[in-house]
Amino acid sequence: MLQEIIIAGFGGQGVMSMGQLIAYAGMIEEKNVSWLPSYGPEQRGGTANCAVVVSDQQVGSPLVSNPSAVIVLNNPSFDKFEPKVRPGGLLISNSSLVARKSEREDIKVIDIRATDLANELGNSRITNMILLGAFIEYSKFLSENSIIESLKKVLSEDKYHLIDINKRALRKGAELVAVF
């Protein structure tokens, strides 16, 4: 099993946190992982992406040029990374903010209005967790329990009160792809 994932959006959308959660969950499940962040000098509002590799074998390089999965949270990220998804791969898009639709027929595309759904759940900052829940449910290569356990590593202790809403967001994302 090898998953090469790119997650991309603006700084402040939880892109790096999503990558860290996947990497920690992979470690919990005794897989080999790498996580490589890439972002501009701005902390919020600048472009941000990360590459995560999760494998049963040793990871030779953290660089990902033809990902098996891409999760995009905004238009610039869609434009940059949608063409890079390998044939047979997966593209998950936050259709609340991504105006374009993929016209590729050689990949699986899941559009989720994640920002709208996060607002309905009461916190726009869990948009990323809805998308992550959809990805985990569809790909089935990591368990939801591992992601939830990873929250304790990614969140600081003073943010542990947010674990419950993050769980709800994960489950909401998973429910949305159960029909695929």
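The values are calculated or read from the model by the stated rules, or taken from the named source; none is laboratory data. Because the structure is predicted, anything quoted here is derived from the model rather than measured. Glycine gets a Cβ as well: all are built from the backbone with ideal geometry, and neighbour counts include every protein chain shown.
Tabulated results
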read-out: Qualifying residue in segment 149-158 (condition: free of Cβ contacts under 8 Å to residues at least 60 places away in the same chain, among the polar types (S, T, N, Q) and not in a helix (DSSP H, G or I)); value: yes
read-out: Enumeration of residues in segment 159-174 that are free of Cβ contacts under 8 Å to residues at least 12 places away in the same chain and either of a type in the set (Asp, Glu) or within 22 Å of Leu91 (Cα to Cα) (or both); value: Asp164
read-out: Matching strands (runs of 3 or more DSSP E) fully within segment 34-133 where at least 1 residues are surrounded by fewer than 19 Cβ atoms within 10 Å (Cβ to Cβ) and either touching a Pro at 6+ places or on another chain (Cβ under 8 Å) or without any contact (Cβ under 8 Å) to a residue 24 or more places away in the chain (or both); value: 47-55, 108-112
read-out: Residue in segment 134-154 that is hydroxyl-bearing (Ser, Thr, Tyr), surrounded by 16 or more Cβ atoms within 10 Å (Cβ to Cβ), out of contact with any strand residue (DSSP E or B) (no Cβ under 8 Å at 6 or more places or on another chain) and modelled with pLDDT of 95 or more present; value: yes
